[in-house]
Amino acid sequence: MEIVEERTLETPPDLASIDLGASYQQLFRVVDDLKVVVHQRNEAQHEMAEGYFETMYLLALAADYRAGRNESRLLRIGSTAEILARAAGQSDDYCSEIRRASPLHDIGMVAIPDALLRKKSELTDEEWVLWKNHTEVGARMLGTVDTPVLKLAAEIALAHHENFQGHGYPAGLVGEQIPLSGRIVALAEYFETYADEFSRLREIMPPGVVLASIRERSGRRFDPSLVDLFFSHLQTICDARNALELNADSLQALVSNIRPHGV
């Protein structure tokens, strides 16, 4: 007689009774490692973007040097733009970004030949086309890296020669068709450029001429609401620009001043 071996069916394990602690700990370790990798990648990308930004800033400084400008002019444009943006009710982030982005507004001037840059006589039609093209060249250079500051800088480069009443370049935009950043920097750049020139020529041309010129261009070249804000905050603007003059006495200081606050 064949003996049949008795087998008992095993009871399925109760999942609730299984100790998953080790598995969860392993999973959490993997997640933590991934967080470290992502953080390191983001840090590397941030450092690369900042390096590109500072390279563009040095190119903008070089273009200004070629034109014989005061070494702190670009920083002062950024400072004035920040004050105007804050007076216009913009966010802290926007104000910080426009301070850093504004000095790059004319970076496309690196594409202008020296002979044309220093020409004293009236430009020919062909030369004028080449000159105006610096706005689009600058926007293309700055639009290469997708960060908030460089995107804003590209917008400014393209828009800061538009006139509030139209007939500017490159697009002939009118009024609020022009991005706020372009309208702000148009005014800040005009003031900082000509105030610097008038201060060097004060014996024959009083500094107040530039202020009268801004008032006269309100509503035509400049946004009238920004002109009003400019004059109501003029003392703050002058105090800030004087402070920059004292703290931008070397190339290292010029670069340090363009970095994010607190860096």
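Values in this text are rule-based calculations from the coordinates and carry no lab data. Bear in mind the structure is a predicted one, so any value in this text is a computation, not a measurement.
General remarks:
- Three-way shape label, the range 207-255, alpha-carbon gyration tensor, a/c 1.5: prolate
- Computed over the range 72-256, Kirkwood Rh from alpha-carbon pairs, angstrom: 17.0
- With N as its number of residues, the range 51-177 has a Cα radius of gyration that, divided by 2.2 N^0.38 Å, comes to 1.06.
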